[in-house]
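Peer 1: Got a structure here, written out as structure tokens. Questions coming.
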Ligand SMILES: Cc1cc2nc3c(=O)[nH]c(=O)nc-3n(C[C@H](O)[C@H](O)[C@H](O)COP(=O)(O)OP(=O)(O)OC[C@H]3O[C@@H](n4cnc5c(N)ncnc54)[C@H](O)[C@@H]3O)c2cc1C
């Protein structure tokens, strides 16, 4: 006999923890089961060699008083528990190309965003204004993004708009077209597939207000776990679920790898839907559905170089940097040529003392296939292992290539570094359980928008899904997904009203 709960949640990523906190606050007895010793999934931060590194949340949008994420976080009492700092209002992202010193800056607030880019491209002011107007209009048509209930059909005509083509239609200058797409690493931008609505929803939240978590994204996970504990719920670490037991079409309990059992009336999975289906081993799911979900394409993976700087050696940059060797590469970064890798990177710098940087993360796309020969190995702090010959050498080779590319824009970067380490697609796969270490889960495709939409309800009536694979990834996207999932139990209208009235 194991413990029994109202709701058992599998996975303590942002999606699982938010669902736990929302439902706990509404009277449900919750258990969140997490396979790792650390909670948070992509919210995890960790210290190494004196540096604090985020694994998957470098900045968050929409946290200004009155904005959507602020309201969701306030409803759960998170705003008082987390330390955040606003990015430079004159610019939160900067886009850079090739050998040029020119920095194309994205500023916070639409007025400043337009003015800043129009200074660099004066003939295109009207186009930039129209582009911004269309982003705002689109966001307004996504009701949950604005904490309203609405009809899915209301936005149907927006789902198949291609991001690249739509952006390009507003302005004529190819350089500006690429500048406007410059931070598409936030959704693993694909020229053929990425929908404009994803670009718009993400960018809008940062233009509204862009924030970094001081002390790492893991403080959001800690704050949510505290809320769950205060409602009488439990967040249980080192509890890897390897089976969801289904009897007569209903989920009855989950079983962990070490044989513990957790019963519940309701179950929520924060895992990839394909992984969730496999855990049920159930024939309740129709073959066609299983086929569709298991064959959905996932976004590319990533290779990360994390560095700690020597004291007062590298100036702090209060902006995120997106760099492309060639401006025309903006939409094909995920399809890179291995021989030329890396041609692009995103650079996230953390603040040290007296205007200098303390540490930085450099992120480059990486195909899982490049590390696939070690696919059968597993290495985490909980389950340490040596991946075998060649693995560290390949990581080292990749790190040197990234250093060489950064040096072109930031001469002296390498010599400013005190220590560094790297994360491969296998690191992400082993820590988050995401298939092939995929960056953001399911790849959305504007040519088949409905195919990549995953509803919260499953064929098993008391098994719901949540997390980045539902609607949209990222802190904003996953927060909205949690409202959808919890709305299935609490009623979406009354939940939205409670959040709006906080
Ligand atoms: C490199 C990177 C950078 C990013 N940068 C940003 C950013 O700057 N801003 C932003 O908003 N978003 C960013 N994102 C996206 C964002 O972090 C994610 O979309 C979001 O955190 C995903 O949350 P989730 O709950 O859906 O899933 P996850 O965080 O993947 O959580 C899933 C959890 O389930 C656990 N789990 C898996 N299998 C099992 C099992 N069998 N039993 C028990 N537990 C299990 C995992 O260990 C994990 O804790 C980034 C992502 C990455 C990878």
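The values are calculated or read from the model by the stated rules, or taken from the named source; none is laboratory data. As the structure is a computational prediction, the values presented were derived from the model and not from experiment. Cβ placement follows ideal geometry from the backbone for every residue including glycine, while neighbour counts extend to all protein chains displayed.
Peer 1: Might you check whether a residue that is under 19 Å from residue 17 (Cα atoms), at pLDDT 95 or above, away from the ligand (no atom under 15 Å from the Cβ) and assigned to a loop (DSSP other than H, G, I, E, B) occurs anywhere in the range 458-467? I'd like the intermediate steps shown before the answer.
Peer 2: Looking only at the range 458-467, we keep the residues that are under 19 Å from residue 17 (Cα atoms), and these are 462-467.
Subsequent filtering for residues that are at pLDDT 95 or above retains 462-467.
From what's left, away from the ligand (no atom under 15 Å from the Cβ): 462.
From the residues that got through so far, the ones that are assigned to a loop (DSSP other than H, G, I, E, B) too are 462.
Yes, the range 458-467 has at least one match.
Peer 1: Here are some conditions: (1) free of Cβ contacts under 8 Å to residues at least 40 places away in the same chain; (2) buried (at least 20 other Cβ atoms within 10 Å of the Cβ). Residue 486 meets all but one. Which one does it not meet?
Peer 2: In the conditions (1) free of Cβ contacts under 8 Å to residues at least 40 places away in the same chain; (2) buried (at least 20 other Cβ atoms within 10 Å of the Cβ), residue 486 misses (1) alone.
Peer 1: Restrict the check to the range 279-297 and report whether at least one residue is crowded, with 23+ Cβ neighbours inside 10 Å and farther than 21 Å from residue 382 by Cβ. Outline the logic, then answer.
Peer 2: Kept after step one, since they are crowded, with 23+ Cβ neighbours inside 10 Å, are these residues of the range 279-297: none.
No, that holds for no residue.
Peer 1: Of the residues 217, 233, which is more than 15 Å from the chain's Cα centre (by Cα), surrounded by 23 or more Cβ atoms within 10 Å (Cβ to Cβ) and within 29 Å of residue 37 (Cβ to Cβ)?
Peer 2: Values: 217 fails: more than 15 Å from the chain's Cα centre (by Cα).
Of the residues listed, the single one that is more than 15 Å from the chain's Cα centre (by Cα), surrounded by 23 or more Cβ atoms within 10 Å (Cβ to Cβ) and within 29 Å of residue 37 (Cβ to Cβ) is 233.
Peer 1: Can you pull out the residues in the range 96-127 that are within 14 Å of residue 204 (Cα to Cα) and part of a helix (DSSP H, G or I)? Walk me through how you get there before you give the answer.
Peer 2: Just the residues of the range 96-127 that are within 14 Å of residue 204 (Cα to Cα), to begin with: 106-114.
Once the filter is applied, which keeps residues that are within 14 Å of residue 204 (Cα to Cα) and part of a helix (DSSP H, G or I), the range 96-127 yields 110, 111, 112, 113, 114.
Peer 1: Can you tell me which residue within the range 14-67, out of those that are on the phi > 0 side of the Ramachandran plot and surrounded by fewer than 22 Cβ atoms within 10 Å (Cβ to Cβ), is farthest from the ligand (Cβ to nearest atom)? Steps first, answer last, please.
Peer 2: Here is the first cut: in the range 14-67, the residues on the phi > 0 side of the Ramachandran plot are 27, 40-41, 49-50, 62, 66.
Still in the running and surrounded by fewer than 22 Cβ atoms within 10 Å (Cβ to Cβ): 27, 49-50, 66.
Details: 27: 23, 49: 19, 50: 21, 66: 19 Å.
Checked the range 14-67; the qualifying residue farthest from the ligand (Cβ to nearest atom) is 27.
Peer 1: Only one of (1) under 30 Å from residue 465 (Cβ atoms); (2) in the same structural domain as residue 424 (by TED's automatic domain parsing); (3) over 21 Å from the mean Cα position of the chain (by Cα) is not met by residue 351, so which one is it?
Peer 2: That leaves (1) as the condition not met.
Peer 1: Do you know which of the residues in the range 1-13 that are part of a loop (DSSP other than H, G, I, E, B) and surrounded by fewer than 24 Cβ atoms within 10 Å (Cβ to Cβ) is modelled with the highest pLDDT? Give the steps one after another, and end with the answer.
Peer 2: Within the range 1-13, the subset part of a loop (DSSP other than H, G, I, E, B) is 1-2, 11-12.
Filter once more, so that each one left must be surrounded by fewer than 24 Cβ atoms within 10 Å (Cβ to Cβ): 1-2.
Values: 1: 47, 2: 62.
The qualifying residue modelled with the highest pLDDT is 2.
Peer 1: Does any residue of the range 383-404 turn out to be within 13 Å of the ligand (Cβ to nearest atom) and over 30 Å from residue 166 (Cβ atoms)? Reasoning before the result, please.
Peer 2: Our first condition is that a residue be within 13 Å of the ligand (Cβ to nearest atom); within the range 383-404, this holds for 383.
This time we only want the ones that are over 30 Å from residue 166 (Cβ atoms), so: 383.
Yes, the conditions are met somewhere in the range 383-404.
Peer 1: How many of the residues making up the range 468-480 are near the ligand (Cβ under 8 Å from one of its atoms) and either assigned to a helix (DSSP H, G or I) or under 9 Å from the mean Cα position of the chain (by Cα) (or both)?
Peer 2: 7
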